[in-house]
Amino acid sequence: MFLELVDSLRCVRPHEDSWLVARADELVERHIVRGELGCPVCEARYAVRDGIVDFAADAARAQAADASRGSASTRAAAQSDSGAGAEANQALALRAAALLGLTEPGGLVVLVGEWTACACQLLDMIEGVQLLALNPAQELQSGGPLSLALIPDVLPLAAASARGIALDAAHATPSLLAGAARALVPSGRLIAPASTLVPESLRELARDDEHWVAAANPPSNVSAPVPIALRR
Ligand SMILES: [Zn+2]
């Protein structure tokens, strides 16, 4: 976990917003390889092992691990097809870059679940981006612009912290969709499966059979009247 990214992370328990406090037992090139993130509000502690922050403790951990294992085996099978996996990941990276509008360098991009398969390819395409891979579908190494975390059904991100987020089918839950909508910077973009509903705070930009992409409203629209709707 890249040290500077800790500012953008939040406790996954429901309470008032607060930063997490990082303790690094092993720090390599500004990445916490081993240590702990602590919540000053509820005193939750999230271990960092092999550079991966574990927000998915308790019962949720088993669930996330099951999902990752299932996806990982599918992905591994795809990759054993002599380079077919690499090609598929390249195509996935192009799709992510295009849908998220990643033409400018900088900012934080968050890939969740199966999208993490194209993390390395995406980083090759775009310079100066920090990439956070959540519940990776395959083995990834934390370091450089790539940070990793395991999550329960709550997005551990601060409001207005990410320029782009991609949720796969396994993670397009109401909780994670709402968390993603909240975590986007103004004009930031979210990709999710076409079968899910676009959060009401976002504006749909495009869709095809597989995905929709939606954007957070730019700052000029923030004060515009919005209908009151039930959304948590
Ligand atoms: Zn907390």
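The values are calculated or read from the model by the stated rules, or taken from the named source; none is laboratory data. Here the structure is a predicted model, which is why all the values come from computation and not from measurement. Ideal geometry is used to build each Cβ from the backbone, glycine not excepted, and the neighbour counts take in all protein chains shown. Surface areas here come from the heavy atoms of the whole protein model, side chains and all, with no ligands, DNA or RNA. Shrake-Rupley method; radii C 1.70, N 1.55, O 1.52, S 1.80 Å.
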Output for the stretch 13-29, where each listed residue is at pLDDT below 95 and in contact with a helix residue (DSSP H, G or I) (Cβ under 9 Å, 6 or more places away or on another chain): W19
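Residue check: is A60 of a type outside the set (D, E), open to solvent by less than 80 Å² (accessible area, probe 1.4 Å), modelled with pLDDT under 95 and within 16 Å of the ligand (Cβ to nearest atom)?
Yes: the conditions hold for A60.
With a cut-off of at least 2 residues that are buried (at least 24 other Cβ atoms within 10 Å of the Cβ), name the strands (runs of 3 or more DSSP E) lying wholly within the stretch 100-211. Don't jump to the end; show me each part of the working.
Numbers: elements: 108-112, 130-134, 146-150, 162-166, 184-193, 202-207.
Where strands (runs of 3 or more DSSP E) fall fully within the stretch 100-211 and carry at least 2 residues being buried (at least 24 other Cβ atoms within 10 Å of the Cβ), they are 108-112, 130-134, 146-150, 162-166, 184-193.
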Selection within the stretch 26-53 - within 15 Å of the ligand (Cβ to nearest atom), within 18 Å of L134 (Cβ to Cβ) and open to solvent by 20 Å² or more (accessible area, probe 1.4 Å): A47
Only one of these conditions is not met by D153: (1) charged (D, E, K, R); (2) in contact with a strand residue (DSSP E or B) (Cβ under 7 Å, 6 or more places away or on another chain); (3) closer than 30 Å to L27 by Cα. Which number is it? (2)
Scan of the stretch 8-25 for residues that are more than 9 Å from the ligand (Cβ to nearest atom), surrounded by 12 or more Cβ atoms within 10 Å (Cβ to Cβ) and farther than 15 Å from L150 by Cα, ordered by number: S8, W19, V21, A22, R23, A24
